[in-house]
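One structure below.
The values are calculated or read from the model by the stated rules, or taken from the named source; none is laboratory data. Source: prediction; values computed, not measured. Every residue, glycine among them, receives a Cβ derived from its backbone with ideal geometry; neighbour counts consider all protein chains shown.
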Ligand code: ADE
Ligand code: ZN
């Protein structure tokens, strides 16, 4: 019999006990030669099993982007929100994008079904359950308050619903987590200010601020003042830059906003001086390969620059972005990138290590995760 194992709450558990978007792994890939795993002899779970069990941090996931069509339908019914789609299949069929904006239009439309605190809890808990099945030990999760406050949903409803799920995820799956509040860059700097003001009563529940939405035409310096204020409040900074926008936006994210990580950053490759700076200062890039293909940043996964930049010594990490829209969670992103780019086992381990290096963790917690990763690698032969 072929057993399938994943890490959950620091323990190896049969994968069948964990839910996963795509169901159990195909047997052909899951079963291979027998290996020694700790004291027990177990079956090799193959490269895909190795990847999914690999302890990792996910640092770039928009919680609104984890809204699966099934949940969209359930919530629409629960909250009496009309949908222009008649079925889950119709929704999935609409997920064909030509660029970032064509995706954002449908993503904001989908988020309209989220109303009550329980909706935000359900959404976040479902993500954490899937993440646990993908070996995620630390999740730093984006949310877009303006998408909800703009529809009259109080920010408190959003933050407390998500936070309650993060606590449940800690207790049930042992996932360490943090919340990153993103400003929508297509809206005004004043709107971002008002959002930060509304969020400050919940300051202890926030780890960092970020910047997302339509990149081109909305450069980082538009938000100079509000990021300065956020930093003075002790919030860390990340920013989407160099997804569709030019390398100059990455420079500005670093020099004006003082971003500690760059979300995507793939267009940094066009500027050798920028690559040198990112490598020299070990500024992580939170890359999302399936997203980049879906949004046509790269024509195919085989042409993605993730492996090239990893080889040049950049702190590259793999993440999912908006998994319900782009066809895969973080484990799927690792597996797809690995197959398309021929990532070696060593490179996969470096990517997982990078994810913990790039995470906003206390020294002891980082050390514990890296030690867990080492034990996993050793045990898997
Ligand atoms: N919001 C959700 N996904 C995004 C992406 N890939 N880029 C910018 N903003 C986003
Ligand atoms: Zn993103």
Failed item, numbered, when residue 290 is tested on (1) out of contact with any strand residue (DSSP E or B) (no Cβ under 8 Å at 6 or more places or on another chain); (2) over 22 Å from residue 254 (Cα atoms); (3) touching a residue at least 24 places away in the same chain (Cβ under 8 Å): (1)
Verdict on residue 330 being at pLDDT 95 or above, more than 18 Å from residue 139 (Cα to Cα), buried (at least 22 other Cβ atoms within 10 Å of the Cβ) and within 16 Å of ligand 1 (Cβ to nearest atom): no
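Right, residue 345: more than 16 Å from ligand 1 (Cβ to nearest atom) and either within 16 Å of the chain's Cα centre (by Cα) or farther than 30 Å from residue 189 by Cα (or both) or not?
yes
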Options 337, 359; residue that is touching a helix residue (DSSP H, G or I) at 6+ places or on another chain (Cβ under 6 Å) and under 30 Å from residue 213 (Cβ atoms): 337
Only one of 120, 97 that is within 20 Å of the chain's Cα centre (by Cα) and in a loop (DSSP other than H, G, I, E, B): 97
Condition met for residue 281 (more than 14 Å from ligand 1 (Cβ to nearest atom) and free of Cβ contacts under 8 Å to residues at least 40 places away in the same chain): yes
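One line per residue, one yes/no per condition, for (1) over 22 Å from residue 166 (Cα atoms); (2) crowded, with 18+ Cβ neighbours inside 10 Å; (3) more than 15 Å from ligand 2 (Cβ to nearest atom):
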site: 61; (1), (2), (3): no, yes, no
site: 64; (1), (2), (3): no, yes, no
site: 71; (1), (2), (3): no, yes, yes
site: 74; (1), (2), (3): no, no, yes
site: 84; (1), (2), (3): yes, no, yes
site: 87; (1), (2), (3): yes, no, yes
site: 109; (1), (2), (3): yes, no, yes
site: 120; (1), (2), (3): no, yes, yes
Count of residues meeting criterion [touching a strand residue (DSSP E or B) at 6+ places or on another chain (Cβ under 7 Å), in a loop (DSSP other than H, G, I, E, B) and within 16 Å of ligand 2 (Cβ to nearest atom)] in region 308-354: 3
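Listed here are the residues, each with its yes/no results for (1) under 20 Å from residue 317 (Cβ atoms); (2) in contact with a helix residue (DSSP H, G or I) (Cβ under 8 Å, 6 or more places away or on another chain); (3) away from ligand 2 (no atom under 16 Å from the Cβ).
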site: 124; (1), (2), (3): no, yes, yes
site: 129; (1), (2), (3): no, yes, yes
site: 134; (1), (2), (3): yes, yes, yes
site: 140; (1), (2), (3): yes, no, no
site: 144; (1), (2), (3): no, yes, no
site: 149; (1), (2), (3): no, yes, yes
site: 152; (1), (2), (3): no, no, yes
Filtered residues of region 257-302 (kept if more than 17 Å from residue 347 (Cα to Cα), more than 16 Å from ligand 2 (Cβ to nearest atom) and part of a helix (DSSP H, G or I)): 269, 270, 272, 273, 274, 275, 276, 277, 278, 280
Cβ-Cβ under 6 Å pairs, at least 6 apart or on other chains, region 137-166 side on the phi < 0 side of the Ramachandran plot and at pLDDT 95 or above, far side in a loop (DSSP other than H, G, I, E, B) and away from ligand 1 (no atom under 14 Å from the Cβ): 137/55; 138/359; 139/175
Test for residue 140: is it within 15 Å of ligand 1 (Cβ to nearest atom), buried (at least 24 other Cβ atoms within 10 Å of the Cβ) and over 15 Å from the mean Cα position of the chain (by Cα): no
Criterion: surrounded by fewer than 16 Cβ atoms within 10 Å (Cβ to Cβ) and under 25 Å from residue 251 (Cα atoms) - qualifying residue of 225, 208, 192: 225
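Residues checked against (1) more than 13 Å from residue 156 (Cα to Cα); (2) touching a residue at least 12 places away in the same chain (Cβ under 8 Å):
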{"residue": "183", "(1), (2)": "yes, yes"}
{"residue": "190", "(1), (2)": "yes, no"}
{"residue": "193", "(1), (2)": "yes, yes"}
{"residue": "197", "(1), (2)": "no, no"}
{"residue": "202", "(1), (2)": "no, yes"}
{"residue": "210", "(1), (2)": "yes, yes"}
{"residue": "213", "(1), (2)": "yes, yes"}
{"residue": "219", "(1), (2)": "yes, yes"}
{"residue": "224", "(1), (2)": "yes, yes"}
